[in-house]
Amino acid sequence: MKFEKMILFGFSGTLLALMMFISIGSVSVYAITIKIESPLSNQQVPVGELTISGTSSDNSSSQCQVYLDWNNLKPYQLATPKGSNGSADFSKWSFTYTSKYHLIQTGLNDLTSKITCLVPTGGPTVTKWYSINVTGTTTSNQSTNVQLPLPTANTKTPASNSQTPASNSQTPASNTQTSSPQSGASVDTTNTNSSNSDKINLGINVESNPISAGERQKVTATASDPQTGNTLDRVFVRLTIKDPTGNVVKDYTDTDGELSPSFRINKDITGTYSVLASASQAGIKTTKSTTFIVQ
């Protein structure tokens, strides 16, 4: 009887060890990964269309798909598979942000990749994400292209009056001088609003400016109704803090129309910190920025 018990215990121990080995192996086999390879996080990119690319753990024995989004704007967009095993191989992939979904905008852009797999094939869905931040910038050529139509429209009016006496030709010149206060009003570059700012009013408040290195800072971003001044519900708000070198040190998001985070300033980094806020709802977006000084 004792011999039979020993055999039974030995068999049970072997079976338990085998099950643990299979379980550990399954975790390794079904682990999934995804990464955005290009562009790099915190890289500056031109505004407008942008193609990104990356890699994932998808292979011939898995059933996976890769999706992308911009600033948490849903629905996710399906990437283009670029792997060597055909049109369903997402081991390499790419995606282009166009006007059909969303273009890269000036300032901070949050790009998130997502891989979903059935593991094992036909089994439950497993998901993993990978995100980067890129900064959209306007090149000198893009700025020139935007400004060119403005002088063209203004020069047509004097041309139509070119047959009038010379004394009248001085009138447009005096008018151009009266428009100079408009250019003076645009000197304040710390605050920038989109063309949709009449739908969402975005306010930023920095609690301490200047502030000493190592102390706690509080920044508030509030999306409100321009007519009533009430805080808007179900508005996606993003608040990003960058140090003087341009590195993102804090990045906060919320969907309740208001953010008010408190954080400690790095005691070793002084200078001018930048604050970028954005609020978006149903395709309407407003952005605003400001700065504060760390001494």
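Summary table below
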| quantity | calculated |
| --- | --- |
| Distance between modelled label sites at TRP129 and THR272, nm, 7 Å Cα→Cβ extension | 3.3 nm |
| Computed accessible area, ILE34, all protein chains, 1.4 angstrom probe, square angstrom | 20 Å² |
| Chain lengthening between THR245 and ASP198 when straightened (0.36 nm per residue, less Cα-Cα) | 13.6 nm |
| Largest to smallest accessible area among ASP243, ASP251 [probe 1.4 Å] | ASP251, ASP243 |
| Distance (nanometres) between label positions extended 7 Å along Cα→Cβ at ILE284 and LYS35 | 4.2 nm |
| By accessible area with a 1.4 Å probe, ligands and nucleic acids excluded, highest first: order of ARG234, ARG264, ARG216 | ARG234, ARG264, ARG216 |
| Karplus 3J(HN,Hα) series, Hz, for segment 82-90 with 6.51 cos²θ - 1.76 cosθ + 1.60 (x for Gly, Pro) | 10, x, 7, 9, x, 6, 10, 9, 9 |
| Segment 216-275: C-alpha gyration tensor shape, a/c 1.5 cut-off, then a/b vs b/c | prolate |
| Rounded FRET efficiency, nearest 0.05, which uses the C-beta distance separating SER53 from THR116 and R0 of 25 Å | 0.85 |
| Accessible surface of ASP268 - all protein chains present, 1.4 Å probe, nearest 10 Å² | 120 Å² |
| Extension gain, THR96 back to THR138 (0.36 nm per residue minus Cα-Cα distance, nm) | 13.3 nm |
| Global geometry of segment 83-136, whether rounded, prolate or oblate, following the gyration tensor of its Cα atoms and the 1.5 cut on a/c | prolate |
| Global geometry of segment 196-245, whether rounded, prolate or oblate, following the gyration tensor of its Cα atoms and the 1.5 cut on a/c | prolate |
| Heavy-atom accessible area ranking, 1.4 Å probe, most first, across THR270, THR96 | THR270, THR96 |
| Residue-count net charge about PHE236 - beta-carbon cut-off 13 Å; Lys, Arg +1, Asp, Glu -1 | -2 |
| For LEU50, residues with placed amide H under 5 Å, excluding near neighbours | TYR97, ILE104 |
| Extension gain from ASP254 to SER208, taking 0.36 nm per residue of separation minus the Cα-Cα distance | 14.3 nm |
| Estimated distance in nm for a label pair at GLN43 and SER84, the labels positioned 7 Å out from Cα along Cα-to-Cβ | 2.4 nm |
| Amide H contacts under 5 Å for ALA213, placed H, 5+ residues apart | GLN295 |
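The values are calculated or read from the model by the stated rules, or taken from the named source; none is laboratory data. Bear in mind the structure is a predicted one, so any value in this text is a computation, not a measurement. FYI the Cβ positions are ideal-geometry reconstructions off the backbone, even for glycines, and counts take in every protein chain you see. We work out accessible area using only protein heavy atoms, side chains counted, and drop any ligands, DNA or RNA first. Shrake-Rupley method; radii C 1.70, N 1.55, O 1.52, S 1.80 Å.
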